[in-house]
1. Can you tell me which residue within the range 177-187, out of those that are touching a Ser or Thr at 6+ places or on another chain (Cβ under 9 Å) and closer than 21 Å to GLU137 by Cβ, is surrounded by the most Cβ atoms within 10 Å (Cβ to Cβ)?
2. Check GLY392, GLY374, GLY340 and return the single one that is surrounded by 22 or more Cβ atoms within 10 Å (Cβ to Cβ), at pLDDT below 95 and touching a helix residue (DSSP H, G or I) at 6+ places or on another chain (Cβ under 8 Å).
3. If I filter the range 455-470 for residues that are among the hydrophobic types (A, V, I, L, M, F, W, C), part of a strand (DSSP E or B) and over 21 Å from GLY389 (Cβ atoms), do I get at least one hit?
4. Identify the residue in the range 454-502 that is in contact with a helix residue (DSSP H, G or I) (Cβ under 7 Å, 6 or more places away or on another chain) and at pLDDT below 90 and, among all such residues, is surrounded by the fewest Cβ atoms within 10 Å (Cβ to Cβ).
5. Restricting to the range 431-446, count the residues that are surrounded by fewer than 20 Cβ atoms within 10 Å (Cβ to Cβ) and either modelled with pLDDT of 95 or more or among the small types (Gly, Ala, Ser) (or both).
6. Among the residues of the range 87-121, count how many are modelled with pLDDT of 90 or more and of a type in the set (S, T, N, Q).
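The values are calculated or read from the model by the stated rules, or taken from the named source; none is laboratory data. Because the structure is predicted, anything quoted here is derived from the model rather than measured. Neighbour counts run over all protein chains shown; Cβ positions are idealised from the backbone, glycine included.
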Amino acid sequence: KADRFTRRRTDEPSRGSILDRNGNPLAQDESATELTVRFDKVPTSEAFVVALAAASGVPAEEIAMQAASGAVSRVWTVNLSSRQRNRLADVRRKFAADGVSIAPAGGRAYPLGEEAACLLGTIREFADTGLVRTGLEKKLDKDLTGEAGYIAGLTDKKGRFLPGRITDRKERRDGDNITLTLDSDLQKVAFEAVKLAVTKNKATDGAAIVIDPSNGDILALANYPSFFPTPVAGQGSGGNPGGFNPAYMAVLEPGSTFKILTLAKALDAGKARMHEALNCTGTLQLNKFWRVRCDSHHGNRAHGVVDPTKAIAKSCNVAAASWALRVGREDFLGYVEDLGLLRKTKTKLPGEAHGLFNYDEYAKPLQLATLGFGQSISCTPLALAGAFGMLGNGGVRMEPRLISAIGGKAVPVEEGLRLISPEAAAETMETMEAVIMTDAGTGKDLRIPGYRLGGKTGTAQKIGGGTGKGYVSNFVGYVPAGKPKAVVLVMVNDPKGGAYYGASVSGPAFKAIAKSVIDRYHIPPTESIVPEKGKKH
């Protein structure tokens with residue numbers, strides 16, 4: 001009895017993996033495993049050695065030699081299948097071999113590296129604080145971690161539990177695998193595309209987002225600069241070690257891209273018609289104090305007589321302001337809120353920001369007018385992409401979705417919210433086709449032979465932060481037009497390379513991603529639209 005001891009031993013769970021929509025790993029424990037054998041806590045019989053060798057793949061001769069050498073313990077790095085892990089557990093139980101243990105050898109692996117690092121986050125070890133989790137690794141930690149088990153009871157002097165003397169036992173529960181809506185291949189393309197856009201234009205940062213409008217699935221959520229994830233602090237490199245992701249952390253004015261959303265609401269409310277023209281003199285006088293103006297192009301602000309298609313192609317502020325004013329403040333602000341631009345999404349993204357709108361009771365008419373062309377409001381690129389998904393889904397907004405399953409249990413798609421009629425959505429998207437598919441369109445260089453595409457450029461000015469004037473260059477579009485498989489939004493923040501218009505700065509990245517969407521999802525060619533000779537938009 002003197003050689004018996006009461007012990008409690010913890011059995012740590014394995015951390016779950018983060019997978020993409022096709023089951024490819026995005027974050028997982030290293031496949032290599034450390035097999036540790038403490039020879040003072042295992043039998044010395046030949047039967048045990050043979051059984052351990054068969055289960056682990058380590059030669060029996062090597063195990064026997066290490067046991068005979070007088071070593072206290074030995075660690076082998078091995079690659080174990082699930083079947084081998086189960087066989088090792090059987091060996092431990094059969095031989096009461098409590099000196100046999102396994103543990104991950106190399107921490108956490110991130111196959112996409114910097115291409116998804118700011119989204120996924122990392123698990124890093126710091127000397128003063130230990131393990132620190134960031135990104136989705138932190139946000140989803142409870143599901144990924146699982147629950148430790150334990151065994152308690154009487155052991156002999158070597159720490160082996162005695163048969164029939166176990167007083168309490170709880171099986172461990174390994175962490176859940178979590179499946180995201182991301183497509184790894186599209187994520188890679190989106191990252192490389194926005195990286196090129198940011199570096200070529202000497203910009204501060206940028207983001208590229210791909211959403212399936214039919215269900216809100218986020219297929220890609222890339223940003224640059226990023227960092228190289230590593231399990232040990234100080235070994236990583238990259239220009240964004242803090243993991244700031246402007247796709248959902250930056251709050252910026254949407255600029256002229258918003259005119260599309262304004263037109264959609266006006267068409268749905270009967271406050272605008274596709275063949276109804278208005279005369280843009282360059283200025284819209286609201287009252288004796290306030291007015292809005294169109295941007296000056298070669299000294300001329302007036303766009304003349306424009307229908308909605310021409311107004312979008314020319315990015316006319318006067319037209320967009322007129323549409324918003326016709327809809328009215330209450331209805332238009334309700335529409336903006338329903339689009340999800342002022343709140344966080346339900347994606348569980350860590351550090352996600354919400355949109356901003358300062359309700360100015362004094363300057364109501366001016367604020368509503370400028371809201372029509374994307375000023376007075378700020379939102380995240382992700383929220384803006386989600387709003388454009390509404391048009392691509394026939395007027396029904398689907399909540400952006402990032403997690404599709406937890407522990408093998410599907411996360412249901414939320415029911416969509418109809419905001420405008422299918423007819424209004426289709427008419428609005430036609431105006432976006434003209435941006436790319438007509439010779440007068442600002443996005444004509446973004447065409448892909450054989451495919452109809454729709455898009456809208458946006459260039460928003462920003463002032464603040466002690467840095468003076470800067471720009472945010474956006475391009476958002478549909479692949480393909482008509483019945484899109486994807487909404488693609490590219491944002492480049494503060495380009496300093498000379499160009500700053502969305503079509504030239506962000507447009508090439510949109511085109512690269514659009515090509516990948518077509519190839520990835522085997523989208524058949526659509527009927528090309530041949531621009532009418534001499535037609536101007």
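1. Within the range 177-187, the match that is surrounded by the most Cβ atoms within 10 Å (Cβ to Cβ) is LEU180.
2. Answer to the check: GLY374.
3. Yes, the range 455-470 contains at least one residue that is among the hydrophobic types (A, V, I, L, M, F, W, C), part of a strand (DSSP E or B) and over 21 Å from GLY389 (Cβ atoms).
4. The qualifying residue surrounded by the fewest Cβ atoms within 10 Å (Cβ to Cβ) is GLY497.
5. 1
6. Result for the range 87-121: 0.
To keep it simple, each residue is scored yes or no on (1) in the same structural domain as GLY113 (by TED's automatic domain parsing); (2) in contact with a strand residue (DSSP E or B) (Cβ under 9 Å, 6 or more places away or on another chain); (3) basic (Lys, Arg).
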{"site": "PHE5", "(1), (2), (3)": "yes, yes, no"}
{"site": "ARG8", "(1), (2), (3)": "yes, yes, yes"}
{"site": "ASP11", "(1), (2), (3)": "yes, yes, no"}
{"site": "SER17", "(1), (2), (3)": "yes, yes, no"}
{"site": "GLY23", "(1), (2), (3)": "yes, yes, no"}
{"site": "LEU26", "(1), (2), (3)": "yes, yes, no"}
{"site": "ARG38", "(1), (2), (3)": "no, yes, yes"}
{"site": "GLY57", "(1), (2), (3)": "no, yes, no"}
{"site": "ALA60", "(1), (2), (3)": "no, no, no"}
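Per-residue answers, yes or no, for (1) out of contact with any Ser or Thr (no Cβ under 6 Å at 6 or more places or on another chain); (2) hydrophobic (A, V, I, L, M, F, W, C); (3) modelled with pLDDT under 95:
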{"residue": "LYS314", "(1), (2), (3)": "yes, no, yes"}
{"residue": "ALA353", "(1), (2), (3)": "no, yes, no"}
{"residue": "TYR362", "(1), (2), (3)": "yes, no, yes"}
{"residue": "LEU368", "(1), (2), (3)": "yes, yes, yes"}
{"residue": "CYS379", "(1), (2), (3)": "yes, yes, no"}
{"residue": "ILE406", "(1), (2), (3)": "yes, yes, no"}
